[in-house]
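Beneath this line is the structure, given in structure tokens, with notes to follow.
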Amino acid sequence: MLSFIGRSIFQKIITLFFVSVVSFLIIHLAPGEPSQVDPLNPKFTPEMVERFQKAFHLDEPLHVQYLYFYRDLFTGKTVSWKDNQSVLAKIWERFLNSLPLFVVGTLITWTLSFPVGIRAAIFRGGLYDRSTTFFSYLLISIPGFFFAYVLIIFVVNTFHVPVIGMETFGLGEATWLNALMDRVWHLLLPSVLGATGGIAVLSRYVRGQMLEVEGQDYVRTAKAKGLPPEQVHYKHALRNALLPFVTMFGLILPGLIGGSVIIESIFSWPGMGRMAYEAILARDYAVILTVNFISAVLVLAGTFVSDLLYLVVDPRIRL
Amino acid sequence: MTEVPTDSLGRDHSMEAPLVPKQTRSQAFWDLFRQNRLALAGLMIFVLFFFVALTGLVLTSGRAPFLDPAQVRLQEKLRPPLSNPHLESLKPEEAPLLGVYLLGTDDLGRDVFARMLQGAWVSLTVGFVAVGISVLIGIFMGGIAGFFGEQHVRVDHLLSVLLACTGAGVMAGGGLIPGAMVLFFGLGLFAYAVFKKRSAIKGPMPIWLRALDRETLSVDTVIMRLVDIMLCFPSFFLILTVVALLPASIYNIMIVIGLTSWMGAARFVRAEFLSLREQDFVTAARALGVGSFRIIFRHMMPNAMAPVLVSATIGIASAILTEAGLSFLGFGVPPPHATWGNILSDGKGFIFDAPWLTFVPGLAILVVVLSFNLFGEGLRDALNPKLRERS
């Protein structure tokens, strides 16, 4: 067990190193210089460009730049090239904005997918099963930005509530109840949109797992014994079908930083995805690389956690 | 003259041995596939989409196209679908081809129908080319990992690759000719190191030469770690970054989507190859003295294609979605050319006044992507050997 943990952490650190090298190379070898972002700006004199390059070590060779960048990152001193603010502080602020979207979206996904998937598996081949199958394909296939506008048109026309942004501007005099409802309405659409793909995929997965377990001999035995169907489905089958999902808790970790670029820019939500998008437009390499690095760390940590959970949950696996 | 009995495929059955199955494999596949009505609908929409995109390309390109998607008629802006043009205010050459705005006009008075036709070809080519690239890379990587996976990377391989990388670095740094020389020297050395036998020199070797023959990691480990590295990148964010940094062009999008989505295909091919490699027909082929490449391409690849085909079909759907998302954000094909994503993006300012600018491209993307997904799932079911035996 300990050796497995040690080996796995060692492997992940090596992977992380290569990810950092590759992302650094992709950014820096792409054509165009960050100092040329705004060539028409009269304030951008050659002296300015030179000072800019000096400040961010852009005149050094690539490998020296790499070392400077990751030294700064690990000591927490990286600053944005755009406004000289600390990148980590910026990310933290935006992360707190994205967090409610993530939490609500994940809750919607997990609470909806399980009942839908289980019911579809129990009544396999029936009308309910076929229609949920079709709906989940529909949800996977619908482009997020189109669905966003459909929902905006629907909600705004039906309920007459504002939905763009995090809250309505200038709501100072409102009672706490109005303010709360305002926040809820603003939160609802983006988090539902964030959850659509998840619901479709997860409910199909739940259905597949349930079907697999329901086909096993011990379930048939339980049915043959004359146990009530609820007990067979929920006590015998479901508990074993749940096993792979425990490990999926690890895999939702990367979603923390992902933040949907498209959804957040449609709803003007000042979250992670929008910050990353703005950084790309401004060629703010420090922010892009930091976001990339943190999300790679989260992906690796997620797989590590899910491996560990598997070890804990499933006694059949011995490494 | 006696009549020779033939089956529906027109093949001769008069000499048939009694043990040959009644149905050919493709017939069995088709019978199974046909039962899935959703998948059949997906296939039909896919074929229809293909022809629409092709006619769209013919009708909207050239110097004087039949349907000009870039024709601006400011006096006719934001007309709803199926409305008749005000012919008295238009020059004759500005009038729409069919005498009616089938899908309305946008905020510059351009015919949405013509723009949709032009955009269909973009979606189609992006989907197919991007997935083609990713499948080729995936088959190559997965095939090497699955077939040659047990062999080890030697120190001389690593050194020659390092040399080639240095050459590429020097080239990128400005020294074109010396860089290219080092690069080609490294590549040549690599090719030599791969094809030479393990210890080409007979007799005692000096220590440093023997160090070159030291085995390090296995090929399988190297490729699978590469897959792990690629999976660490947040894919849409990576694609967005690269596309934003590169000059705007449809080809860059195809290549970038292809280069960032080959991991699934590589894993499938590797898994299939690992199991196929141990099977009797491969052993028999090897015993007959068939070469490695012939075994790979003639004997193993056709048997490994089923999961790749399924993931490619679904990959096309997600590539179309990715491209639409990119052009919605304003990257990709430069403006006068229409794509479904940027029609929707242009129309987002008018969602309450001109909802057709949102619904027409949105529904088109939805239907096409849905058809690819349904077709892919049907393919998966029909290619599944468990289901085939049951029927």
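Observations, loosely collected:
- There is no residue in the stretch A:155-166 that is crowded, with 17+ Cβ neighbours inside 10 Å, farther than 22 Å from B:L370 by Cβ, away from chain B (no Cβ under 14 Å) and of a type in the set (F, W, Y).
Residue-wise test of (1) in contact (Cβ under 8 Å) with a residue 12 or more places away in the chain; (2) within 14 Å of chain B (Cβ to nearest Cβ); (3) more than 25 Å from the chain's Cα centre (by Cα).
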| site | (1), (2), (3) |
| --- | --- |
| A:V219 | yes, no, yes |
| A:A222 | yes, no, yes |
| A:V246 | yes, no, no |
| A:S260 | yes, yes, no |
| A:G271 | yes, yes, no |
| A:R274 | yes, yes, no |
| A:R283 | yes, yes, no |
| A:A296 | yes, yes, no |
| A:V299 | yes, yes, no |
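- Test: residue in the stretch A:52-64 that is modelled with pLDDT of 75 or more, β-branched (V, I, T) and touching a His at 6+ places or on another chain (Cβ under 9 Å): yes
- Test: residue in the stretch B:46-61 that is touching a helix residue (DSSP H, G or I) at 6+ places or on another chain (Cβ under 7 Å) and among the small types (G, A, S): yes
- All positions within the stretch A:167-194 that are loosely packed, with under 13 Cβ neighbours inside 10 Å and part of a helix (DSSP H, G or I): A:W176, A:L177, A:N178, A:L180, A:V184
- Helices (runs of 4 or more DSSP H) contained entirely in the stretch A:195-302, each with at least 1 residues that are in contact with a helix residue (DSSP H, G or I) (Cβ under 6 Å, 6 or more places away or on another chain) and surrounded by 20 or more Cβ atoms within 10 Å (Cβ to Cβ): A:238-241, A:243-251, A:255-258, A:261-266, A:272-282
- Being modelled with pLDDT of 80 or more and either in a helix (DSSP H, G or I) or more than 30 Å from B:A364 (Cβ to Cβ) (or both) holds for only one residue in B:G203, B:G179, B:G169, B:G127, and it is B:G127.
- Condition broken by B:I45, with the remaining ones in (1) at pLDDT below 80; (2) surrounded by 15 or more Cβ atoms within 10 Å (Cβ to Cβ); (3) not in a loop (DSSP other than H, G, I, E, B) satisfied: (1)
- Condition broken by A:A148, with the remaining ones in (1) away from chain B (no Cβ under 14 Å); (2) within 30 Å of A:V287 (Cβ to Cβ); (3) of a type in the set (A, V, I, L, M, F, W, C) satisfied: (1)
- Residue selected from the stretch B:244-253 under the condition surrounded by fewer than 22 Cβ atoms within 10 Å (Cβ to Cβ) and part of a helix (DSSP H, G or I), by the criterion farthest from the other protein chains (Cβ to nearest Cβ): B:I250
- Failed item, numbered, when A:V19 is tested on (1) surrounded by 15 or more Cβ atoms within 10 Å (Cβ to Cβ); (2) β-branched (V, I, T); (3) modelled with pLDDT under 75: (3)
- Every residue from the stretch B:58-108 that is loosely packed, with under 15 Cβ neighbours inside 10 Å and at positive phi: B:G62, B:L82, B:G99
- Test set (1) touching a Gly at 6+ places or on another chain (Cβ under 8 Å); (2) more than 11 Å from chain B (Cβ to nearest Cβ) - A:Q231 fails condition number: (1)
- Considering B:A284, B:A211, the condition of being of a type in the set (G, A, S), touching a residue at least 12 places away in the same chain (Cβ under 8 Å), surrounded by fewer than 20 Cβ atoms within 10 Å (Cβ to Cβ) and in a helix (DSSP H, G or I) is satisfied by B:A211 alone.
The values are calculated or read from the model by the stated rules, or taken from the named source; none is laboratory data. Computed from a predicted model, the values in this text were never measured in an experiment. Cβ sites come from the backbone with ideal geometry, for glycine too, and all protein chains shown count toward neighbours.
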